[in-house]
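*Asks:* Take a look at this one; I'll ask things after.
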Amino acid sequence: MASMVTENGRGAAAQTAQPQGPSRGAVRWGPQHAGARELASLYSPGKRCQEWISVILCFSLMAFNFIHLLANFHLGHVWYIQLGIVAGILTADFVSGLVHWGADTWGSVDLPIFGKAFIRPFREHHIDPTAITRHDFIETNGDNCMLTIFPLANMAFSFLTLSPAEIYHVYPLYCYLYALGIFVTLTNQIHKWSHTYFGLPRWVVFLQDWHIILPRKHHRIHHVSPHETYFCITTGWLNYPLEKLGFWRTLEDLITSMTGEKPRADDLKWATKGH
Ligand SMILES: [Zn+2]
Ligand SMILES: [Zn+2]
């Protein structure tokens, strides 16, 4: 984890693929975009505090659970552990797609509390994709850490209260949940790396090149306006199959038919701000 912290602060040298839209050639993207400036100014001290608390709690629980997983390791579980890890990563990739799709496609920055805190970063990211490379470790990872605190605390409590025999039985499930928790937590860090073109540690580039984590070229597909596909940002393994299935389109049609809401209405509003 330490090497991930040191990775931050190199954002100044970072570059990202510029979004290419079919019909918005006149729109200038980046930090000077009027909408991007307004969105960046909404990042408040209270929000910062929530992110700090989340990161500290989450990483402490992660270390605690890791020690207990090691202490309870049995050779007989080796296959289940591998299966659990792969299933956990796949689930995390799907969850990343679902949350990203939900925030990109529905809701508005104007929603009370929630909009400013959790929808704002998604709007900012489309009109200023380089902003994420200038976010430090806390801003990058705070929200995802918050998501995993409760399940990780629940696992820690189980390690303290269950008997060794009971732990033996739930061990494969815990490996699945732990892999899921780790990858959900790291999703935005992985996403940030996919936008960083200079100064990445060599091992990160290796993981990207072998498509173990989200590769840079792969994620560029999402940044083509109007941002309607390739929402998975942990490993991206599910992007191609979900696109072939028309998964996101079907889900959007279903929601539009039920609520009358148009997908990406708020995203489009921010993209065209000041133009
Ligand atoms: Zn997006
Ligand atoms: Zn992105």
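We did not get these values from a lab; they are worked out from the coordinates using the rules stated. Just so it is clear, the structure is predicted and the values come from calculations on it, not from any experiment. Cβ coordinates were reconstructed from backbone atoms using ideal geometry, including for glycine residues, and neighbour counts include every protein chain displayed.
*Asks:* Taking C-beta distances below 4.7 angstrom as the pairing criterion, name the unpartnered cysteines of the chain, in sequence order.
*Replies:* If one checks each Cβ against the other cysteines of the chain, Cys49, Cys175, Cys232 turn up with nothing under 4.7 Å.
*Asks:* Here is a follow-up. Which far-off residues, 5 or more places away or on another chain, put their amide H under 5 Å from the one on Tyr197, with H placed in the peptide plane?
*Replies:* Under 5 Å from the amide H of Tyr197: Gln15.
*Asks:* Right, here's the next one. Label His211 and Asp136 with points 7 Å out from Cα along Cα→Cβ: what is the distance between them in nm?
*Replies:* 3.7
*Asks:* Amide H to amide H under 5 Å from His227: which residues, 5+ apart in sequence or cross-chain, H placed 1.01 Å off N in plane?
*Replies:* Amide H neighbours of His227: none.
*Asks:* Quick one: Leu152, Leu251, fewest Cβ neighbours within 10 Å first, how do they rank? Display every interim value, and only then the final one.
*Replies:* Values: Leu152 24, Leu251 16.
So the residues, fewest neighbours to most, are Leu251, Leu152.
*Asks:* Let me have the 222 nm mean residue ellipticity of the chain computed from DSSP H runs of 4+ only, each contributing -39500 (n - 2.57), with the sum over all residues rounded to the nearest 500.
*Replies:* Numbers: 13 runs with 177 residues, N = 275.
Mean residue ellipticity at 222 nm (helix-derived): -20500 deg cm²/dmol.
*Asks:* Okay, which of the range 154-198 sit inside 17 Å, backbone N to the point 7 Å along the Cα-Cβ direction of Leu83?
*Replies:* Counting backbone N atoms under 17 Å from the label point, the list is 168-180.
*Asks:* Taking θ as phi - 60°, what are the ³J(HN,Hα) couplings along the range 196-206 by the Karplus curve (6.51, -1.76, 1.60), each to the nearest whole Hz, with x for Gly and Pro?
*Replies:* Listing the rounded values in order: 9, 9, 9, x, 6, x, 4, 5, 5, 4, 4 Hz.
*Asks:* Mind listing the phi-derived Karplus ³J(HN,Hα) values for the range 232-242, rounded to whole Hz, using 6.51, -1.76 and 1.60 with θ = phi - 60°, and x for any glycine or proline?
*Replies:* 6, 10, 8, 10, x, 4, 8, 4, 5, x, 5
*Asks:* Sticking with this one: What does the extension gain come out to for Lys244 and Ala265, with contour length at 0.36 nm per residue minus their alpha carbon separation? Intermediate values should be presented prior to the final figure.
*Replies:* Working: separation 21, 0.36 × 21 = 7.56 nm, distance 2.43 nm.
Net length gain for the segment: 5.1 nm.
*Asks:* Place a label point 7 angstrom from the Cα of Leu111 along the Cα-to-Cβ direction, then list the residues of the range 242-257 whose backbone nitrogen is under 14 Å away.
*Replies:* Inside the label zone: nothing.
*Asks:* Among Phe118, Phe231, which comes first, second and so on when ranked by fewest other beta-carbon atoms within 10 Å?
*Replies:* Working: Phe118 17, Phe231 26.
Going from sparsest to densest Cβ surroundings: Phe118, Phe231.
*Asks:* Output ³J(HN,Hα) for the range 102-115: one whole-Hz value per residue in order, computed from phi by the Karplus curve 6.51 cos²θ - 1.76 cosθ + 1.60 with θ = phi - 60°, and x for Gly and Pro.
*Replies:* Computed from phi, the couplings for the range 102-115 are x, 6, 5, 9, 10, x, 8, 4, 6, 4, x, 6, 4, x Hz.
*Asks:* Another question, if that's okay. Which stretch or stretches of the range 34-77 have amide N atoms under 17 Å from the point lying 7 Å from Val170's Cα along the Cα→Cβ direction?
*Replies:* Residues 61-62, 64-74 fall inside that zone.
*Asks:* Using 0.36 nm times the number of residues separating Arg48 and Trp203, minus their current alpha carbon distance, what extension gain do you get? Walk me through the intermediate numbers first.
*Replies:* Numbers: separation 155, 0.36 × 155 = 55.80 nm, distance 2.94 nm.
Extending this stretch completely gives an extra 52.9 nm.
*Asks:* Based on the alpha-carbon gyration tensor of the range 29-271 and its eigenvalue square roots a ≥ b ≥ c, which shape applies: rounded if a/c is under 1.5, prolate if not and a/b is larger than b/c, or oblate?
*Replies:* Details: a/c = 1.75, a/b = 1.60, b/c = 1.10.
Prolate.
*Asks:* Related question: What list do you get for Trp237, Trp203, Trp193 if you sort them by fewest beta carbons within 10 Å?
*Replies:* Sorted ascending by nearby Cβ count, the order is Trp203, Trp237, Trp193.
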